[in-house]
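To keep things clear, I will list the structure first and then write my remarks on it.
The values are calculated or read from the model by the stated rules, or taken from the named source; none is laboratory data. These numbers come from a predicted model, not from an experiment. Counting neighbours? That spans all protein chains shown, and the Cβs are built from the backbone with ideal geometry, glycine included.
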Amino acid sequence: MIGGESILTTARAKARVVAFESSRIADLRESRKKVRFVPANLQYPTSTIVVSAALLLCCSTTLAQGTWNTLAADAARSAATSQPFPSLASPAWTCAKDENNRAIAFVARAGVAVGLHFVYATGSVNEPSGTTWKLFAIARRTGAVAWSLQIDSPQLESTASPAIDHRTATVIASGGSTLYGVALYQPTLRWSTTLDNPIVNASPVVARTWRGTGRLFITDYDGFGDSASLYSISIDPLSVANPHQPGEILWAAPIGASSGNSPTYDAANDRVFVSAVGLYAANPGQILAFPAHAPGDTSHVAPSPLWTFNNTSSVGFFGGIALDASGDALYAATYGFYGGTTSGNIVRIRASTGALQWTVGCNRSASIPIRLPSNRLALSTGIQGFGSLPSLQVFSSDSSSAALAWSSHTRTWSDANHNGVIDSGEFVPCGGWNTQPVYSSASDQLAVCGNDNVLRILDASITSASSPFTVIQSASSISGSPAVAGSNLYAIGTGGLVAFGPAPALVDVNADGVFDIEDLYAWEQSRGSRDVNGDGQITLADRDLLSILLRANETQEQTEGRR
């Protein structure tokens, strides 16, 4: 049902908003509150209860990690998973063609978002009318394209990743200057919003907290000028509590020059952080903090920054920010166009005040630093040429200082021609300026895509320059940033979107394309495909698994923003 169409004007942008109301989405939200359903006629013997309890314990962590919602995993941009990486020995599938059997050209270095059923990625196909850009929904179990929706073509080879808002069952993708809010399970456009400038390399973040209604934050592009903005956009349906249409631009705050600056959200303090390039060759990069829910939301007036940090070096931030909420810290890296493998810098600043805690030189990068155990950071960096080299760098740090501990380009260098120069082919090109690694706390390993299109799983127990470069496993022909959801790893490759790991659960029992309480009702009533875990048998283990998956986000949603 079309709820309304409006033309909205803000101080910084004109947004055309098309909002689609859906009772199914309300039902989906309600289902998480009432999913605990045990019919009187279903008896659980004691042995089954013990088995079910064990299943709950062993599966709860895996299922909590069953999605990959945005660039670097989550709103804090942690780029981490609590699950071990799957085997890379053989892909589960490769998606290379759309639903009409046309070849898909995915964005080579882009990331993906992963929902319970589908992987979401942008790419293009050649149709009779010409090249068409689309958002694709690829089935996690089979690798087949379930549906696609046309979007504007990305500008400047943008590597922006989609983002998922589970509360409204919406995936948000970008193309050109436009954001698209699309239903998770079908190619239904719920809303679209056009910004002042193109969206280039920046991925949206969804802000969910008990303090207010849902918001989405995104930056547009002005790489060498001063007209870029941070946008606050409403994503919840119109209601008494939310007097805004989904897709409505609430405010746009000027941030100067921007390219690839994906915002980060702190739910505990309801703040959004954004980095910026700074006026090229004149001013250093900046990091700014804004209230996520501000009085100006109703008047379309952007709030003033809570604080502004100016980089200590005259180089800019071209990437996102990692939040350590427990440590009141933000980490961000810069891209220095001139100099060697220390032309950029990483900073740690206080999230509460913006005060600098330390800065250390690094190779140029637009990637987001990853926090590792034992007070270490990992950063994917560099290009081949101009004094730089593609490299994974690891830093030791505490609250007041940091130092470079290890670089893959020096650790793997063998001077084959004895000229004292690290030449191409003499080292392992692990990492790169525009790829985002992932850390697994379960195995203490890093997954990083190299400049040579090889995805490597590395031992992350790196503490010094003498630490070995240990490749646990690898897969060739992988170019994009990996995403880990449950027991699966997904990444864009040179031959299509590639999946590793076992097929996920078959949760759509009633085959209506939506995972909701109706699937549990269908299971209880002996209707539909009831072998949820795919083991060839229909037992109470299938019912328990279905219930766990329905409740997977319940704890997170009930504690969002709380300490």
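Show me the strands (runs of 3 or more DSSP E) found entirely inside the stretch 363-434 where at least 3 residues are of a type outside the set (Gly, Ala, Ser) and assigned by TED's automatic domain parsing to the domain that holds Ser343.
By residue number, 370-372, 376-381, 391-397.
Ser304 versus (1) in contact with a Gly (Cβ under 9 Å, 6 or more places away or on another chain); (2) modelled with pLDDT of 95 or more; (3) surrounded by fewer than 16 Cβ atoms within 10 Å (Cβ to Cβ): which is the lone unmet condition?
Among (1) in contact with a Gly (Cβ under 9 Å, 6 or more places away or on another chain); (2) modelled with pLDDT of 95 or more; (3) surrounded by fewer than 16 Cβ atoms within 10 Å (Cβ to Cβ), Ser304 violates only (1).
Yes/no per residue for (1) in contact with a Ser or Thr (Cβ under 6 Å, 6 or more places away or on another chain); (2) at pLDDT 95 or above:
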| position | (1), (2) |
| --- | --- |
| Leu184 | no, no |
| Pro187 | no, yes |
| Thr193 | no, yes |
| Asn201 | yes, yes |
| Val206 | no, yes |
| Gly212 | no, no |
| Ile218 | no, yes |
| Ser227 | no, no |
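Please pick out the residue among Ala289, Ala281, Ala294 that is among the small types (Gly, Ala, Ser), at pLDDT below 95 and buried (at least 16 other Cβ atoms within 10 Å of the Cβ).
From the options Ala289, Ala281, Ala294, the qualifying one is Ala294.
Is at least one residue of the stretch 242-249 in contact with a strand residue (DSSP E or B) (Cβ under 6 Å, 6 or more places away or on another chain), among the polar types (S, T, N, Q) and more than 19 Å from Gly115 (Cβ to Cβ)?
Scanning the stretch 242-249, I find at least one residue that is in contact with a strand residue (DSSP E or B) (Cβ under 6 Å, 6 or more places away or on another chain), among the polar types (S, T, N, Q) and more than 19 Å from Gly115 (Cβ to Cβ), so the answer is yes.
Among the residues of the stretch 461-498, write down those that are under 21 Å from the mean Cα position of the chain (by Cα), part of a loop (DSSP other than H, G, I, E, B) and buried (at least 23 other Cβ atoms within 10 Å of the Cβ).
Looking only at the stretch 461-498, we keep the residues that are under 21 Å from the mean Cα position of the chain (by Cα), and these are 478-494, 496-498.
Now restrict to residues that are part of a loop (DSSP other than H, G, I, E, B): 479-482, 486-487, 494.
Residues satisfying the conditions are Ser479, Gly480, Ser481, Pro482, Gly486.
Taking the stretch 142-168 as the region of interest, how many residues are surrounded by 17 or more Cβ atoms within 10 Å (Cβ to Cβ) and charged (D, E, K, R)?
2
Look through the stretch 532-563, keep the residues that are at pLDDT 85 or above and of a type in the set (Asp, Glu), and return whichever of them is farthest from Ala505 (Cα to Cα).
The residue in question is Asp544.
So which residues in the stretch 411-431 are touching a residue at least 40 places away in the same chain (Cβ under 8 Å) and either closer than 21 Å to Ser464 by Cα or touching a helix residue (DSSP H, G or I) at 6+ places or on another chain (Cβ under 7 Å) (or both), if there are any at all?
Arg411, Thr412, Val428, Pro429, Cys430, Gly431 - these are the residues of the stretch 411-431 that are touching a residue at least 40 places away in the same chain (Cβ under 8 Å) and either closer than 21 Å to Ser464 by Cα or touching a helix residue (DSSP H, G or I) at 6+ places or on another chain (Cβ under 7 Å) (or both).
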